[in-house]
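Undergrad: Once you've had a glance at the structure underneath, I'll fire off some questions.
The values are calculated or read from the model by the stated rules, or taken from the named source; none is laboratory data. Given the structure is predicted, the values throughout are model-derived calculations rather than measurements. Using ideal geometry, Cβ is built from the backbone for each residue, glycine included, and neighbour counts are taken over all protein chains shown.
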Amino acid sequence: MFNIFDRVNFRKVKKDNLSELELGRENEKRGRSFFPKHSSGSDDILEEEKIYRQGLAKVLDLIAPSAMGISSSFLQIGSVYARTIFIMAYRETLAIGWMNEIIAMDIPMDIGIFINPVDTSYILKKLRKKTVQVQSEMHIEAEKGLPRDPVLEMAYANIENLRDRLQDGSERFFDLGIYFTVFGKTEEEMEKRTDILETLLSARSIYTKKAIFRMKEGFTSTIPLGLDKLQALTPMNTSPLSTVFPFVSADITSNEGILYGINQHNNSLILFDRFTMENANMVVFAKSGAGKSFTVKLEILRSMMLGTNVVVVDPENEYEYLAEVTGGAFINISLNSKQHINPFDLAIEDGKTTKELLRSNIANLLGLLKIMLGALTPEEEAVLEEAIRETYEVMDINENTSLSELEKRTMPVMSDLYQVLRNMQGAEDMTIRLKKYTEGVFEGFVNKRTNISLDNQLVVFNIRNLEEELRPVAMYMVLHFIWNRVRSEIKKRLIVADEAWVMMQHEEAANFMYSMAKRIRKYYGGLTTITQDINDFMSTKKGQAIVSNSSIQLLMKQAPSSIDIVSDTFYLTENEKHFLLECNVGEGIFFAGNKRAAILVVASHNEEKIVTTKPEEVLERERERNELRGE
């Protein structure tokens, strides 16, 4: 077999001491090829060498900068400026994960961490010498009659404790070096970023120093070569050294409750029971198709397994199959529906008098009527309030009615209010606007007595078939009905308001949503607010307050037009903003209190068939259902 190394004409320079590779380099320096000419096949060898050298030059051109300037306090690498700083002093105690915030900073930098083991016997000798010195100082002060110095006593105890742990092997000693190379497009940008990093470290009593006149060594120490050219080392034992570990990710789990997804930082499970937090409210923000309905339906399904009752306001008919599979109630709210809600109903609540119940419901009715009738003057609002009171009076209901008698009374309906308004001075315009809800095109929508209940574990109110004009009215009326039942019967209950931005467009509806978010905790409930129109939702103070009153927040894929307002609201980093713009369906950022993590929502095969919202999968599911029915 032909061996190309048989043809190498080695020079006699350092022949006895140089390896084959070194001989090749020596020949290159002298202008000779490592593969010189030979009388047989020399042209082929030279051609192969030429191709090899051309390829090598191209790789080097890609890797190497166009130029590199070395200054006493920074480097200029092509058009980029770089400065290396190193940690010279640490605080007395270090918390686990103190490096996390530094690594997460939106500053381009390289970090080099070098840990070199130190001979334990050498350290023990040093500690023994230090022990003698401290003891000697303590004896001298005692002979002088000075009071005991707690600093010396603490130092002595710490040294002895460390000696014991080193001797039994539970601790070891190391030399630690941590270096940061900060980059900037200009010298000023590099300076600013370095100051930010130094300020953050000094706030934790960790002091740094610039690698003056050693910038080249500092840069070499922070690129992935594993070379410590700075040698700016600090002795440290195992316990504080362990806090330097840079890949500590937050575990967002309470180890109880339901599975929300997988923590993408460390592949741990995100488990939570909303009802163990300061409140059980949750907000979900995402663009259309990001997986928000899939996620919420999955949460509902799993919550029901733990005995939680759920009520959903469904504007797009996405929860019907879930209600069917779980044996829940599906209530269709529309002009032609046979299922109705009477907004005049009074829900009897323990500890509340008729006077309090009546005043509360009158206030809610005023809010509903403002959405139905549009803007009202203060005079009209006063007339309307008086008309509502008279409407209840017609049915023998007033503030003096006892609770036992109240249960026997028949509640008025919207047409009763219309008749009262017709006979009141100053109500002419309101009467005209209200007529369409009692005798006009919307007759029957809010003018019937209640014939539904919330006895099922899952109740879905569908408002898809309603006209756009009636959707805010229906959402307000349904949520008010639900809220009355929540207050009258305390249960572990979730209320889901999908497309909540519709409510936030109207001041009265927004106030009602905010009031519910604040008070529902007292009745063992939690409000889930879902929206894809974040700009409309967050443009109101009530919307912002609902977010701040939610212990759990879930952000999924966002549109570029809304990412800035989301970033300002949730204080996102640049990496998090980029993640929310580019993440896949079912991915997002999960917030629980002060913790956050990237989440991947996962479902089993059977769960996915129930909660899927993909059109093709929904059609396939409908086909299978029709086959089972024999259709």
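Undergrad: Do the conditions hold for Leu162, that is, is it among the hydrophobic types (A, V, I, L, M, F, W, C), over 25 Å from Ser239 (Cα atoms) and assigned by TED's automatic domain parsing to the domain that holds Thr234? First the steps, then the outcome.
TA: Values: among the hydrophobic types (A, V, I, L, M, F, W, C): yes; over 25 Å from Ser239 (Cα atoms): no; assigned by TED's automatic domain parsing to the domain that holds Thr234: yes.
Answer is no for this residue.
Undergrad: Something else: So which helices (runs of 4 or more DSSP H) stay within the stretch 319-397 end to end and still have 2 or more residues that are touching a Pro at 6+ places or on another chain (Cβ under 7 Å) and over 28 Å from Met504 (Cβ atoms)?
TA: Where helices (runs of 4 or more DSSP H) fall fully within the stretch 319-397 and carry at least 2 residues being touching a Pro at 6+ places or on another chain (Cβ under 7 Å) and over 28 Å from Met504 (Cβ atoms), they are 378-394.
Undergrad: Further question on the same structure: Name the residues in the stretch 494-509 that are closer than 24 Å to Met277 by Cα and in contact with a Gly (Cβ under 9 Å, 6 or more places away or on another chain), would you?
TA: Leu494, Ile495, Ala500
Undergrad: Now for a different question. Can you name the residue in the stretch 518-548 that is of a type in the set (A, V, I, L, M, F, W, C) and under 20 Å from the mean Cα position of the chain (by Cα) and, of all such residues, is nearest to Val311 (Cα to Cα)?
TA: Taking the candidates together, the pick is Leu527.
Undergrad: Then there is this: On the given criteria, is Lys609 within 12 Å of the chain's Cα centre (by Cα) and surrounded by fewer than 17 Cβ atoms within 10 Å (Cβ to Cβ)?
TA: For Lys609, the condition - within 12 Å of the chain's Cα centre (by Cα) and surrounded by fewer than 17 Cβ atoms within 10 Å (Cβ to Cβ) - is not met.
Undergrad: Note down all Cβ pairs under 9 Å where the first residue falls in the stretch 612-631 and is surrounded by 10 or more Cβ atoms within 10 Å (Cβ to Cβ), the second is at pLDDT below 75, and they're at least six residues apart or on different chains.
TA: Cβ pairs passing all conditions: Thr612/Val618; Thr612/Arg621; Arg625/Glu631.
Undergrad: Considering only the stretch 550-591, how many residues are within 16 Å of Gln532 (Cα to Cα), part of a strand (DSSP E or B) and not aliphatic (A, V, I, L, M)?
TA: Residues meeting the conditions: 3.
So that you can scan it fast, the table gives a plain yes or no per residue for (1) assigned to a strand (DSSP E or B); (2) of a type in the set (A, V, I, L, M, F, W, C); (3) in the same structural domain as Ile362 (by TED's automatic domain parsing); (4) closer than 30 Å to Lys541 by Cβ:
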site: Phe461; (1), (2), (3), (4): yes, yes, no, yes
site: Leu470; (1), (2), (3), (4): no, yes, no, yes
site: Ala474; (1), (2), (3), (4): no, yes, no, yes
site: Arg487; (1), (2), (3), (4): no, no, no, yes
site: Ile495; (1), (2), (3), (4): yes, yes, no, yes
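Undergrad: Continuing with the same structure: I need the full set of residues from the stretch 515-530 which are surrounded by 23 or more Cβ atoms within 10 Å (Cβ to Cβ) and among the hydroxyl-bearing types (Ser, Thr, Tyr), in order please.
TA: Thr528, Thr529
Undergrad: Filter the stretch 286-311 for residues that are crowded, with 22+ Cβ neighbours inside 10 Å, among the aliphatic types (A, V, I, L, M) and not in a loop (DSSP other than H, G, I, E, B) and give the result.
TA: Those that are crowded, with 22+ Cβ neighbours inside 10 Å, among the aliphatic types (A, V, I, L, M) and not in a loop (DSSP other than H, G, I, E, B): Val296, Leu298, Ile300, Val310, Val311.
Undergrad: If you scan the stretch 67-93, which residues turn out to be small (Gly, Ala, Ser), assigned to a strand (DSSP E or B) and within 38 Å of the chain's Cα centre (by Cα)?
TA: Listed by number, the residues that qualify are Ala82, Ala89.
Undergrad: Looking at the stretch 354-381, I want the residues that are hydroxyl-bearing (Ser, Thr, Tyr) and have a partner that is surrounded by 20 or more Cβ atoms within 10 Å (Cβ to Cβ) with Cβ atoms under 7 Å, at least 6 apart or on another chain. Which pairs are those?
TA: Thr354/Thr401
Undergrad: Conditions: (1) on the phi < 0 side of the Ramachandran plot; (2) assigned by TED's automatic domain parsing to the domain that holds Thr529. Gly257 meets all but one. Number of the miss?
TA: So Gly257 meets the others, but not (1).
Undergrad: Considering only the stretch 426-449, how many residues are within 21 Å of Glu379 (Cβ to Cβ) and without any contact (Cβ under 8 Å) to a residue 12 or more places away in the chain?
TA: So the count comes out to 2.
Undergrad: Among Thr253, Thr326, Thr238, which is of a type outside the set (Asp, Glu) and at pLDDT 90 or above?
TA: Exactly one of Thr253, Thr326, Thr238 is of a type outside the set (Asp, Glu) and at pLDDT 90 or above, namely Thr326.
Undergrad: May I ask you to say which residue of Ser39, Ser79 is modelled with pLDDT of 80 or more and among the hydroxyl-bearing types (Ser, Thr, Tyr)?
TA: The unique qualifying residue is Ser79.
Undergrad: What are the residues in the stretch 500-536 that are in a helix (DSSP H, G or I), farther than 14 Å from Val473 by Cα and without any contact (Cβ under 8 Å) to a residue 40 or more places away in the chain, if any?
TA: Result: Tyr514, Ser515, Met516, Lys518, Arg519, Lys522, Tyr523, Asn535, Asp536.
Undergrad: Quickly run through the stretch 472-510 and pick out the residues that are within 22 Å of Asp455 (Cβ to Cβ), surrounded by fewer than 23 Cβ atoms within 10 Å (Cβ to Cβ) and touching a Pro at 6+ places or on another chain (Cβ under 7 Å).
TA: Passing the criteria: only His480.
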